[in-house]
Amino acid sequence: MNKHLTNQSLTNQSLRPEPVPLIDLAAQRRRLGKSVDEAVSRVLAHCQFINGPEVAQLEAELAAFSGAKHVVTCASGTDALLMVLMAKGVGRGDAVFCPSFTFCATGEAVALTGATPVFVDVDETTFNMDPGSLTRGIATATKSGLKPRAVIPVDLFGQSADHDAIAGIAEAEGLFVLDDAAQSFGATYKNRRIGALAPATATSFFPAKPLGCYGDGGAVLTDDAELAQVMRSVRVHGEGRDKYDCVRIGLNGRLDTIQAAVLLEKLKIFSEEIVARERVARRYSAGLADVAVVPKLAPGTTSVWAQYTIRLAPGARDAFAATLKSQGIPTAIYYPIPLHRQEPYRRFPVAEGGAPVSERLAEEVISLPMHGYLDETTQDRVIEAARQALTR
Ligand SMILES: Cc1ncc(COP(=O)(O)O)c(C=O)c1O
């Protein structure tokens, strides 16, 4: 290669800022070091890859952490939602209320049971289910001849939904509440941990979640012993007395032992990581509040900051993302299309009044790098780049 070109490309490279990861799993991996390698090695030694002792230990530790009486781990957050709906016998003719501003798995689990997801709008400030829209959604479902059966509030981006308001409506209308806490395990609502707020809570251990494993994983948390028992059967093909006694239609929904072993190690540092995420969020908000709409926590809630998501003026997002990208700072859009506008979900009802907030948020939100290992220098780089992009 030409010597001049080599020098030039080296110079350019040294000028290019180091790319910032959106979520830095490698930094966490370095911190965990040998402990996670040894945990996996123990499973490789005992060879109980399915339902090994780590699975029961993890379920006990997740119960102790959250305050839920029973924890049933499973293969993903989607299976966690599905297992609850299957165990409750939700199906054709039933309406299940979901926010439209969420990941598709929330509505997908409902549709897979044969029930009808009815989309509800979200609150402008918290991005979580709007109780007023839920009430309108119940009226919409009833008018269409559906039976209102359940509601799935989502604790979006790590902040818990308004569980008291939703529980009040659910009780009056006879709805079962399934909390979709895929993004919020570890957060609190009025000093109670997620997992002990609704009759059933589903969470995800997808690697990018605040508590993630090294593959797919999930869990259901509940105080209801009977529900937990039915879910244990649903999780293994609807098994009864033993695995060749089939008493219901189920799934192959188990969590791998290796993933349980990884999660046991990660759970040990999870509380510290939540504090570190909070610190990042506070610094971002202090640095950006005068140039963007920064996240706001409702009184009595904490967040685990699965995402740090700001809102920009309509039309500003693409240029903002491009400017940050040119400085090695990635951004992400959760979610660019609300669920009621996604092709497979368009045929399902939307609460009276529509979901205008979900539609606006889909056009205006953008998420910044967020994890517990983001040092202050990097935080400042993100803040500076965002400020430049928004004030030029
Ligand atoms: C709100 C929400 N619900 C459900 C899920 C599904 O979780 P999983 O990917 O573990 O199936 C996710 C995961 O991204 C999510 O964000």
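The values are calculated or read from the model by the stated rules, or taken from the named source; none is laboratory data. Source: prediction; values computed, not measured. Virtual Cβ from ideal backbone geometry, glycine too; neighbours counted across all protein chains shown. Just the protein is used for accessible areas: all its heavy atoms, side chains included, with ligands, DNA and RNA removed. Shrake-Rupley method; radii C 1.70, N 1.55, O 1.52, S 1.80 Å.
Please sort by residue number the GluC sites (Glu not before Pro) in segment 216-305 whose DSSP state is loop and whose Cβ has at most 11 other Cβ atoms within 10 Å.
Here no loop site has a sparse enough neighbourhood.
Per-residue ellipticity at 222 nm for the chain, helices alone: DSSP H runs ≥ 4 residues times -39500 (n - 2.57), over residue total, nearest 500 deg cm²/dmol?
Helix contribution divided over all residues of the chain: -14000 deg cm²/dmol.
Would you mind computing Rg(Cα) / (2.2 N^0.38 Å) for segment 90-178, counting N as its residues?
So segment 90-178 has a normalised radius of gyration of 0.97.
Got a number for carbon plus sulfur as a percent of segment 178-264's accessible area, 1.4 Å probe?
Result for segment 178-264: 49 percent of the exposed heavy-atom area is carbon or sulfur.
Please express the shape of segment 93-244 as an equivalent ellipsoid: the semi-axes are the square roots of 5 times the eigenvalues of the C-alpha gyration tensor, given largest first in whole angstrom.
24, 20, 15
Just in segment 239-326: which chymotrypsin sites (Phe, Trp or Tyr not before Pro) are loop by DSSP and have at most 16 other Cβ atoms within 10 Å?
Here the chymotrypsin sites (Phe, Trp or Tyr not before Pro) that fit, given the DSSP loop and packing criteria, are Tyr244.
Under 19 Å from a point placed 7 Å out from the Cα of Arg192 along the Cα-to-Cβ direction: which residues of segment 287-303 have their backbone N that close?
Hits in segment 287-303 for Arg192 at 19 Å: 298-303.
Can you pull the one-decimal nm distance between simple spin-label points at Arg241 and Cys104, each 7 Å off the Cα toward Cβ?
Label at Arg241, label at Cys104, 4.3 nm between them.
Which ³J(HN,Hα) values, rounded to whole Hz and listed in residue order, are derived for segment 50-61 from phi using the Karplus coefficients 6.51, -1.76 and 1.60 in 6.51 cos²θ - 1.76 cosθ + 1.60 with θ = phi - 60°, glycine and proline given as x?
10, 6, x, x, 5, 5, 5, 5, 4, 4, 5, 6
Which value, in Å to one decimal place, does the Kirkwood hydrodynamic radius take for segment 234-392 when every pair of different Cα atoms is included?
This gives a value of 19.1 Å.
Over the Cα atoms of the chain, Rg to Rh with Kirkwood Rh, two decimal places?
Rg/Rh: 1.00.
Summing Lys, Arg as +1 and Asp, Glu as -1, what charge do residues with Cβ under 13 Å from the Cβ of Gly67 carry, Gly67 excluded?
For residues surrounding Gly67, the net value is +2.
Can you tell me the dipole magnitude for the chain around its Cα centre, using point charges on the Cβ only (Lys, Arg +1; Asp, Glu -1), in Debye to the nearest 20?
Computed about the Cα centre, the dipole is about 600 debye.
Which one, Ala306, Asn51, Leu22, is farthest towards the positive end of the dipole of the chain when Lys and Arg carry +1 and Asp and Glu -1 on their Cβ?
Most positive-ward Cα: Leu22.
Quick one: length gained pulling Leu32 to Ala225 fully straight, 0.36 nm per residue minus the C-alpha distance?
Taking 0.36 nm per residue and subtracting the Cα distance, the gain is 66.1 nm.
If you put +1 on each Lys and Arg Cβ and -1 on each Asp and Glu Cβ, how big is the dipole of segment 189-266 around its Cα centre, in Debye rounded to 20?
The dipole of segment 189-266 has a size of about 260 debye.
Pop a pseudo-label 7 angstrom from the Cα along the beta-carbon direction at both Gln57 and Glu173 and give the gap in nm to one decimal.
Inter-label distance under the simple model: 4.4 nm.
Hey, what D do you get for segment 85-141 in µm²/s if you plug the Kirkwood alpha-carbon radius into Stokes-Einstein at 37 °C and 0.692 mPa s?
283
Find, among the trypsin sites (Lys or Arg not before Pro) in segment 135-242, those assigned to loop by DSSP (not H, G, I, E, B) with at most 14 other beta-carbon atoms within 10 angstrom.
Taking segment 135-242 and a limit of 14 other Cβ atoms within 10 Å, the loop trypsin sites (Lys or Arg not before Pro) found are Lys190, Arg241.
What does segment 109-157 give for Rg and for Dmax, in Å, if only its C-alpha atoms count?
My reading of the Cα-based Rg and Dmax gives 11.5, 33 Å.
Could you quote the convex hull projected area for segment 273-347, Cα atoms only and averaged over all directions, in nm²?
Spelled out: convex hull of the Cα atoms, projected over all directions, averaged, 7.4 nm².
Tell me the Kirkwood radius of segment 301-392: reciprocal of the mean inverse pair distance over distinct alpha-carbon atoms, in Å.
Radius from the Kirkwood sum: 14.9 Å.
For segment 238-392, what is the accessible area per residue in Å² when the probe is 1.4 Å?
Value returned for segment 238-392: 48 Å² of accessible area per residue.
Given Cα pairs under 8 Å that are at least 6 residues apart, what percent is the relative contact order of the chain?
After rounding, I find 23 percent.
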